[in-house]
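Since the structure comes first, as C-alpha cells, the remarks are kept for the end.
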Amino acid sequence: MTVAAPASAIAPPRPAAVARPRHLRFWLGALILAAGLVVALRWLGNDYAYFAGYFILQYVVLGTAWNILGGYAGYVNFGAAGFMATGAYAAIVVRQALGLDLLPGILAGALTAGLLGLGTGYLTLRLRGVFFSIATLSLTVVLHTLVVNWDYVGGSRGAYIVRPREVPPFTSYGEYLFIVMLGLAVISVGIARAVELSRIGQGLAAIRDNERAAEAVGVPTLRLKLIATTLSGALMGVAGAPLPYYSGYLNPEAAFGLAYAVNAIAMPLIGGIGTWLGPVIGAVLLATLQQAATVTISSALSLWIVGWTLVLFVALAPKGILGMVRRR
Amino acid sequence: MDPTLSLLLNGIVSGLLLGGLYAAAASGLAVSFGMLDIVNIAHPALMVAGAFLVVILGTWLGIDPLLAALLQAPLFYLLGVGIYVAYHHFFERRGDEALQGLAFFFGVMFIIEVGLVMAFGPEQRFLDPWYGFVTLRLGEIDLPLRMLVPALAALAAIGLLYLYLQRSFTGLAIAAVAQDPEALRLMAVNPVRIKRLAFGLSVALAAVAGGALVVVQPVEPSSGQIFIGRVFAICIMGGMASLLGTILAALAFGVAENVTATFYGPSWSPAVAFGWLLLVLAFRPQGLFGKAA
Amino acid sequence: MNEAPVLLRAEGVGKRFGGFVALRDIDIEMRAGERLGLIGPNGSGKSTFVNCLSGNFAAYEGRVVMGGHPLEGLKPHRRVRHGLARTFQLPQPFGSLPVLENVRVPLLFSGEPGNATTRALECLEQVDLAGKADRLPRELTQVELRRLELARAIAAHPRLLIADEAMAGLSHAEVDQMLALLFRLNAGGMAVLMIEHIMRAVTEFSERLVVFVAGRKIAEGTPREVLALRDVEDAYLGRQ
C-alpha cells in the first residue's frame, strides 16, 4: 500500500521512524571501546586504575538502570541505594548459603532486585507518580533496617568475602572485577538502548509525556511501567552485586550509602535523561570527578557538591549536557 | 494490674504522645503537600536542620528548646519562601515537569543532610529542657514530661494554624489556592504570593517540629530519613489537606509504632511506617478524611 | 440507519463522588455509524459520563456494553481494543514526540503494529496535518492540536469516537472545518458521540440529541424535537 504525498504539502513528509537503528554500529563500537580499555589498562599495569575504572563503570550501570524508569517513563526512584544493596546482599546470601561466586551472585542480585522492583511497582504504580517516589524513599529505610537486624548476613557488623590473590588468566583480581563490570556496563547500556528503540521505549515516552492520554489511545500503561520498574530494579541489583567482591567487606553503611542514591539520579539528569547516552556521559563525568575529589577533599564535601550540581542542573539545564549540546 | 496490660496501656499512652510529635512533623506537610500539592520531600530534613539549630541556639542562649524553636521559626519561614520562589520559577511555571521538581527537592534534602554532617559531624546532638527528667504519674500510667510537653506544644501550634487558616483572609486564600487559583486572581489576590506565604509557613512549622523533636530524642543528620515515610504516610492517611485528619492519623500512627516497638523492639519502627504507607496507598489513597478521587 | 446493529449500550450508568451524585441512571443506546449529540448545562455530568464510558473512571454503577462485550472492569487501553476512542476537551498531545510519532506510537500496541507508520500518515492526511508530520506539538496552533487529537483517536479504526468538546474556543470558520472533518470520518462508518456546547454545530451534526441536566437524562430525540421541549429550554435558561 503506497502513500501519495498530498499536493498541499510543501515537501513530501519524511516518515520520522524510517531511519533504521544502527545496531551493528553500536555493538561494534562498544566492543572496540571495551577492548581498547582492557588493553590500555593492562599496559598501564596500575592496580588503582582498575579500581577507579570499576568505580566509574558501576555508576554507568546504576545510572543507566535508573534512567530506564526515570528518564524513559518519568517515574523517579529515590531508592537506588536500596536496590543496589539488595543486589549486594543477594550476592552475599548466595555465597554463604550455596557457596556460589561472583557470576551466580550477579544473577541472584538481578533476580532479587528485579522482584523488588516488580513488587514496589505493582503496589504503587496505579497511583500518582509521586506516591511511587515516596514509597521508594521509605523502602530504602526499611531494607536497611531489615539488613541491620539480619545476623545471617552479618547485621550491622558486616560480612566478609575473602578475595583471591590470583585469578588466571587475568593479571590481578582488580582486573578481573574491572572486566566483569565492563561487561555488565556494555550489556546494560545495550539493553537500555534496545528498550529505548523498541515499542516498549516508545510507549514509555508516551507515558512520560502524558500518561492519561497514552492510556486513552491504547497504550498498556501499567504493563509497560511494570516492565520498566522490574528491568530498572534488576539492573540496579546487578550494579550492586559485585560490591562485596570489590571491597572484600560489606556492611549496611556502605551498601546503603547516600552516594548511590544521589548519583543514580544526578548522573542521568546531568548527562541527559531520555536516551541511553546521557547516563553514560553523566556517570563517566561525575564518577571521575568524585574519584579525583576523594583524594583531595573529603568525601562528604564531594557528595555535597554533587547535590548542588544536581539542583543547579535540574533548574538551569533540565535536559542535561546532551540537551545543551543538541540545542546548537 | 496485670504487667502486660500495664505495658500495653503505657505503650498506647506514649504512642499518643509520640503521635503529637509526629503531628507537628506532618502538619507542615499537610500545608505544602496537602494544600499546595508540592511534594516537599525535604520537609523532614528541614525539620532536622531546625532541630540542630535549636540545639545550637538553646545551648548558646541557655533557653528551652521549644522557645528556641519559636525564636528561629521566622528564619525558617524566610528559608521556605526562598525555596518556594526557586521552585516556582524553575519548575512550577514550566508545567508538568514533575520529574525535575521531585529531583529538586531530593537535591535540597541531600544538601541539607550532607551539609549537617559536614557542619556538625554524624554524631547525635541533644538539648535537655529543665523538665526533661520529670515524669508525671496517673495511676499505672507514666507521663514523661519530655514527651508530654512537645505533644501539647504541637497540638497548640496546630490549633493556631487551624484558626489562622479558617479565620484569616490569607488563611482562607491558602485553602482556596489549590482548588481554584483563577478565582483568587479574580479577587485581585496573587496565587503565587499566597503559595509563597503558605510554603514559608510549612517550613516554619518544620522548624518548630524540630524543636519538639529535640526534646523527645537526640538528633543526628540522618534522623530525617525515617521521618519521610512517617510524615507522608500520616499526611496521606489524614486526607492530605485536613489538619484534623493529620492529627488523628498521627496519633493512630504513633500508637501503632510505639506498641510494636514495646512488644517487638524499636528497630522495626521503619517497617511499621513503610507498611502503614503501603496499606494506605493500596486501600485508601484519599485518606480517612479526604474526598474520593 | 434504523436497521444498523446496536453498537453501544449504557444501562443505568451512575457515578458518585462521596455524597455528591454526578450521574444517575443513564440509559443510552447508539447504533453503528450513528451521529449522537450530547448537550446540557455545565456540570450536568456529560464529562463524567464520557469518563465512565472510556474507563477513566474505573468505578461506576450500571453497565456499558460495546458491540455485545461488557466493558466492566476494563481499563481505558483495553476499551480501545473494543473499538472505543475519545478525545479530550483540552488536547493532550505527547509533547516531546513529533506529530507523526504522536499518532504512530499508540498504533504499535494495536492489532497491526507493522502498519503503524503507513496508517499514521493516512490519519494525518485525513485531518490535513501531513505537512507537519515532523513538527513538535508545541509548534501547532490550537485547532491543529485538536486535529492531531482526532488523528490519534481514529488511528486504530475505532467503531465509536467520543468527541468531547472538540470545538471549544474555535472560530466560526474553524468550527465549520471540524464539522466537515467529523462528517467525513462518520461517512467512513464510524459512529460519533459529540459532546458540545456550540448549539449550531451539535444540531447540524447530530441525527439524535440527548440532554443531560444535573446528572440525569431529561430528553432524547431529533434535534428539532428536543430543542422544542420546554424542559430543555428551562434547563438552559435556568428556570426551575
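The values are calculated or read from the model by the stated rules, or taken from the named source; none is laboratory data. Treat the numbers as computed from the prediction; the structure is a model and nothing was measured. Virtual Cβ from ideal backbone geometry, glycine too; neighbours counted across all protein chains shown.
Residues that are in contact (Cβ under 8 Å) with a residue 24 or more places away in the chain, buried (at least 18 other Cβ atoms within 10 Å of the Cβ) and within 7 Å of chain A (Cβ to nearest Cβ) within segment C:105-135 comprise C:PRO106, C:PHE109, C:SER110, C:ALA133, listed in sequence order. Only one of the numbered conditions (1) more than 14 Å from every other protein chain (Cβ to nearest Cβ); (2) under 25 Å from B:TYR84 (Cα atoms); (3) within 16 Å of the chain's Cα centre (by Cα); (4) crowded, with 24+ Cβ neighbours inside 10 Å is not met by B:GLY224, and that is (1). Close contacts from segment A:167-184, counting a first residue that is assigned to a loop (DSSP other than H, G, I, E, B) and a second that is surrounded by 21 or more Cβ atoms within 10 Å (Cβ to Cβ) and charged (D, E, K, R), with Cβ to Cβ under 9 Å and a gap of 6+ residues or different chains, come to A:VAL167/A:GLU175.
As a summary of the residue check, A:ALA216 satisfies the conditions (1) surrounded by fewer than 24 Cβ atoms within 10 Å (Cβ to Cβ); (2) more than 30 Å from A:LEU100 (Cα to Cα); (3) without any contact (Cβ under 8 Å) to a residue 12 or more places away in the chain except for the one numbered (1). You will find that of B:VAL272, B:VAL231, the residue that is under 30 Å from C:ALA59 (Cα atoms), of a type in the set (Val, Ile, Thr), within 14 Å of another protein chain (Cβ to nearest Cβ) and in contact with a helix residue (DSSP H, G or I) (Cβ under 8 Å, 6 or more places away or on another chain) is B:VAL231 and no other.
When you go through A:PRO268, A:PRO279, A:PRO242 one by one, which is the residue that is modelled with pLDDT of 90 or more and under 30 Å from A:SER156 (Cβ atoms)?
Details: A:PRO268 fails: under 30 Å from A:SER156 (Cβ atoms); A:PRO279 fails: under 30 Å from A:SER156 (Cβ atoms).
Sole residue among the options that is modelled with pLDDT of 90 or more and under 30 Å from A:SER156 (Cβ atoms): A:PRO242.
The residue pairs whose first member lies in segment C:34-63 and is within 13 Å of chain A (Cβ to nearest Cβ) and in contact (Cβ under 8 Å) with a residue 24 or more places away in the chain, whose second member is among the aliphatic types (A, V, I, L, M) and surrounded by fewer than 20 Cβ atoms within 10 Å (Cβ to Cβ), and whose beta carbons are closer than 7 Å, counting only pairs six or more residues apart or on different chains, are C:GLY55/C:LEU74. All told, B:TYR87 falls short of being in contact with a helix residue (DSSP H, G or I) (Cβ under 7 Å, 6 or more places away or on another chain), more than 11 Å from chain A (Cβ to nearest Cβ), in a helix (DSSP H, G or I) and not small (Gly, Ala, Ser). Regarding segment B:143-152, can at least one residue be identified that is in contact with a Pro (Cβ under 8 Å, 6 or more places away or on another chain), closer than 20 Å to B:PHE227 by Cα, outside any helix (DSSP H, G or I) and away from chain A (no Cβ under 14 Å)? No, the conditions are met nowhere in segment B:143-152.
Has segment B:161-168 got any residue that is of a type in the set (Gly, Ala, Ser) and in a helix (DSSP H, G or I)?
Of segment B:161-168, the ones of a type in the set (Gly, Ala, Ser) are B:168.
Filter again for in a helix (DSSP H, G or I), leaving none.
No: segment B:161-168 contains no residue that is of a type in the set (Gly, Ala, Ser) and in a helix (DSSP H, G or I).
Taking C:THR87, is it among the hydroxyl-bearing types (Ser, Thr, Tyr) and buried (at least 22 other Cβ atoms within 10 Å of the Cβ)? Steps first, answer last, please.
Numbers: among the hydroxyl-bearing types (Ser, Thr, Tyr): yes; buried (at least 22 other Cβ atoms within 10 Å of the Cβ): yes.
Spelling it out, C:THR87 is indeed among the hydroxyl-bearing types (Ser, Thr, Tyr) and buried (at least 22 other Cβ atoms within 10 Å of the Cβ).
Of the residues in segment A:283-306, not one is surrounded by fewer than 17 Cβ atoms within 10 Å (Cβ to Cβ) and in contact with a strand residue (DSSP E or B) (Cβ under 9 Å, 6 or more places away or on another chain).
Given the structure, is C:ALA180 on the phi < 0 side of the Ramachandran plot, in a loop (DSSP other than H, G, I, E, B), among the small types (Gly, Ala, Ser) and under 16 Å from the mean Cα position of the chain (by Cα)? No; evaluated as a whole, the condition is false for this residue. Only a single item in (1) touching a Ser or Thr at 6+ places or on another chain (Cβ under 8 Å); (2) under 30 Å from C:SER96 (Cα atoms); (3) buried (at least 24 other Cβ atoms within 10 Å of the Cβ) is not met by A:GLY114, and it is number (3).
Out of A:VAL148, A:VAL142, which single residue is under 30 Å from B:GLU257 (Cα atoms) and buried (at least 22 other Cβ atoms within 10 Å of the Cβ)? Let's see the steps before the verdict.
Numbers: A:VAL148 fails: buried (at least 22 other Cβ atoms within 10 Å of the Cβ).
Unique residue meeting the criteria: A:VAL142.
Can you tell me which residues in segment B:95-115 are more than 8 Å from every other protein chain (Cβ to nearest Cβ), at negative phi and over 19 Å from the mean Cα position of the chain (by Cα)? Those that are more than 8 Å from every other protein chain (Cβ to nearest Cβ), at negative phi and over 19 Å from the mean Cα position of the chain (by Cα): B:ASP96, B:GLY101. Pairing each residue of segment A:81-106 that is without any contact (Cβ under 8 Å) to a residue 40 or more places away in the chain and in a helix (DSSP H, G or I) with any residue that is surrounded by fewer than 24 Cβ atoms within 10 Å (Cβ to Cβ) and among the polar types (S, T, N, Q), provided the two are 6+ apart or on different chains, yields no C-beta distance under 9 Å. Within segment A:300-324, the set of residues being in a helix (DSSP H, G or I) and touching a residue at least 40 places away in the same chain (Cβ under 8 Å) comprises A:LEU303, A:VAL306, A:GLY307, A:THR309, A:LEU310, A:PHE313, A:VAL314, A:GLY320, A:ILE321, A:LEU322, A:GLY323.
Would you check if A:THR296 is more than 26 Å from A:ALA91 (Cα to Cα), touching a residue at least 12 places away in the same chain (Cβ under 8 Å) and not hydrophobic (A, V, I, L, M, F, W, C)?
no
Being touching a helix residue (DSSP H, G or I) at 6+ places or on another chain (Cβ under 8 Å), more than 14 Å from chain B (Cβ to nearest Cβ), touching a residue at least 12 places away in the same chain (Cβ under 8 Å) and of a type in the set (Gly, Ala, Ser) is not true of A:ALA135.
When B:GLY80, B:GLY28, B:GLY34 are checked against the criterion of being touching a helix residue (DSSP H, G or I) at 6+ places or on another chain (Cβ under 8 Å), within 14 Å of another protein chain (Cβ to nearest Cβ), under 19 Å from B:ARG196 (Cα atoms) and buried (at least 18 other Cβ atoms within 10 Å of the Cβ), a single residue qualifies: B:GLY34. Across segment C:189-223, what is the total count of residues that are touching a helix residue (DSSP H, G or I) at 6+ places or on another chain (Cβ under 9 Å) and outside any strand (DSSP E or B)? Looking only at that region, the number is 15.
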